[in-house]
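J.: I am attaching a structure below and will ask some questions about it afterwards.
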Amino acid sequence: MAPVPPLNDRHGRTITYLRVSVTDRCDLRCRYCMAEDMTFLPRADLLDLSEIAVIAERFIARGVTRIRLTGGEPLMRGGVLDLARRLGGHVGRGLDELTLTTNATQLARHARALVGAGIRRINVSLDSLDPNRFRMITRTGDLDRVLGGIVAAKAAGLAIKINMVVLKGLNDDEVAAMLAWCVAQGHDLSLIETMPLGAIEDDRADYFMPLSAILENLAQSLDLTRDDRRTGGPARYWRVGASATRLGLISPLTANFCDGCNRMRLTTDGRLYACLGHDDQADLKQALRAGGVAGLDAAIDDALAIKPARHAFAIERGGRPAVARHMSVTGG
Ligand code: SAM
Ligand code: SF4
């Protein structure tokens, strides 16, 4: 068995969290995420699911304790439940937690299998509770179907965190209502600032909404208490009154927390990105196929060595995306 050096970067951070994009494809076209007419990765370039498992297992051996399956829409990839079952078998044996981020369109039929695979918590994207707005933002989405998926997930025993990208003029007036709904349903809520990833039709500056303004607004009518727990991500958290709901603010543009970053991201074509906002990557597919586990370790170390101190996001009118790849490629 090859030795297992821990994943320490040159800025004193230790990687304990891997996000795995199992597909860059999606049945929705959220307007801040994707262009309407997207070109997806050629299928021949993708890792097969057993390769994803081998890579993920190497990360577990090297100290990763949390893995999130994401995409694109992870439940669109055939065989993803087999992958979840295999990785779920490591929970309690090196892995603390396996999670999933989904748009919930396929959740109703998969929720129980996800629990069976060892998943206990999921994130669900939901940017509006108004059917027409939901369709406008997602371009094709059916709100009832998504809500049905969320109900099934809750019934199956999954804890749910709703992800809402707050967009000025599109859904920023709905944040209080979304939070009230989450409190009533027993879900957590994460509010997210739109990030400049990948080319889309719109200018993201037109609907960029700093979350500091949203927080100020919410605090006028709600009892929000700061919760200092950090997860190594960009989120800051608040307790909402006496409810069980935790409100998270993911503000990579207005409140940078890269100093505590503990994560790396694997794309479905086998590239390992040490930072969401930079182009540097290591080709783990090639490394694994040519050099087995030793090759994999060397490529992971290469990516670790170039993990930057922080992202360089900026949202400027007419500005170009910070990186050309969409969030759906890197894995949100
Ligand atoms: N399809 C799944 C979903 O929507 O939950 C998983 C992948 S999606 C890329 C993961 C998260 O990234 C979602 O919550 C989505 O809203 C968010 N996201 C996508 N593009 C984004 C962007 N440009 N800026 C901020 N968040 C983005
Ligand atoms: Fe698909 Fe998720 Fe991107 Fe929406 S945010 S287009 S659901 S990958």
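The values are calculated or read from the model by the stated rules, or taken from the named source; none is laboratory data. Please read these numbers as outputs of a predicted model, since none were measured by experiment. Please note: Cβ atoms are built from the backbone with ideal geometry, for glycine as well, and neighbour counts cover all protein chains shown. Protein only, heavy atoms only, side chains kept; ligands, DNA and RNA dropped before computing areas. Shrake-Rupley method; radii C 1.70, N 1.55, O 1.52, S 1.80 Å.
J.: Residues of segment 196-228 being aliphatic (A, V, I, L, M) and either within 13 Å of ligand 1 (Cβ to nearest atom) or under 30 Å from residue 278 (Cβ atoms) (or both), which ones? Reasoning before the result, please.
T.: Taking segment 196-228 first, the residues aliphatic (A, V, I, L, M) are 197, 199-200, 205, 209, 211, 213-215, 218-219, 222, 224.
Listed by number, the residues that qualify are 197, 199, 200, 205, 209, 211, 213, 214, 215.
J.: Which number in (1) of a type in the set (Val, Ile, Thr); (2) open to solvent by 50 Å² or more (accessible area, probe 1.4 Å); (3) under 19 Å from the mean Cα position of the chain (by Cα) marks the one condition that residue 39 misses?
T.: Unmet condition: (3).
J.: Being assigned to a loop (DSSP other than H, G, I, E, B), closer than 25 Å to residue 195 by Cβ and without any contact (Cβ under 8 Å) to a residue 60 or more places away in the chain is the filter here, so list the residues in segment 119-168 that pass it.
T.: Across segment 119-168, the qualifying residues are 126, 128, 129, 130, 168.
J.: Please determine whether any residue of segment 140-150 is under 30 Å from residue 321 (Cα atoms), crowded, with 23+ Cβ neighbours inside 10 Å and hydroxyl-bearing (Ser, Thr, Tyr).
T.: No: segment 140-150 contains no residue that is under 30 Å from residue 321 (Cα atoms), crowded, with 23+ Cβ neighbours inside 10 Å and hydroxyl-bearing (Ser, Thr, Tyr).
J.: With the condition kept exactly as written, say whether any residue in segment 78-98 is of a type in the set (A, V, I, L, M) and free of Cβ contacts under 8 Å to residues at least 24 places away in the same chain.
T.: No, there is no match, as no residue in segment 78-98 is of a type in the set (A, V, I, L, M) and free of Cβ contacts under 8 Å to residues at least 24 places away in the same chain.
J.: Among the residues of segment 89-107, which ones are more than 16 Å from ligand 2 (Cβ to nearest atom), buried (at least 17 other Cβ atoms within 10 Å of the Cβ) and within 26 Å of residue 147 (Cβ to Cβ)?
T.: 98
J.: Here is a further query. Could you check how many residues of segment 168-198 are in contact with a strand residue (DSSP E or B) (Cβ under 8 Å, 6 or more places away or on another chain) and aliphatic (A, V, I, L, M)?
T.: Total meeting the criteria: 8.
J.: Need pairs with beta-carbon distance below 7 Å; first residue closer than 15 Å to residue 34 by Cα and near ligand 1 (Cβ under 10 Å from one of its atoms) and within segment 307-332, second at pLDDT 70 or above and open to solvent by 40 Å² or more (accessible area, probe 1.4 Å); sequence gap 6+ or separate chains.
T.: Filtered contacts from segment 307-332: 321/199.
Results for (1) open to solvent by less than 40 Å² (accessible area, probe 1.4 Å); (2) out of contact with any strand residue (DSSP E or B) (no Cβ under 7 Å at 6 or more places or on another chain); (3) within 16 Å of ligand 1 (Cβ to nearest atom), shown as yes or no for each residue.
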site: 13; (1), (2), (3): yes, yes, no
site: 26; (1), (2), (3): yes, no, yes
site: 51; (1), (2), (3): yes, yes, no
site: 55; (1), (2), (3): yes, no, no
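J.: Moving on to the next point. Which residue, of 75, 100, 47, is in a helix (DSSP H, G or I) and of a type outside the set (D, E, K, R)?
T.: 75
J.: Now, a different point. Mind counting the residues in segment 1-40 that are at pLDDT below 95 and of a type in the set (A, V, I, L, M)?
T.: Number of matching residues: 8.
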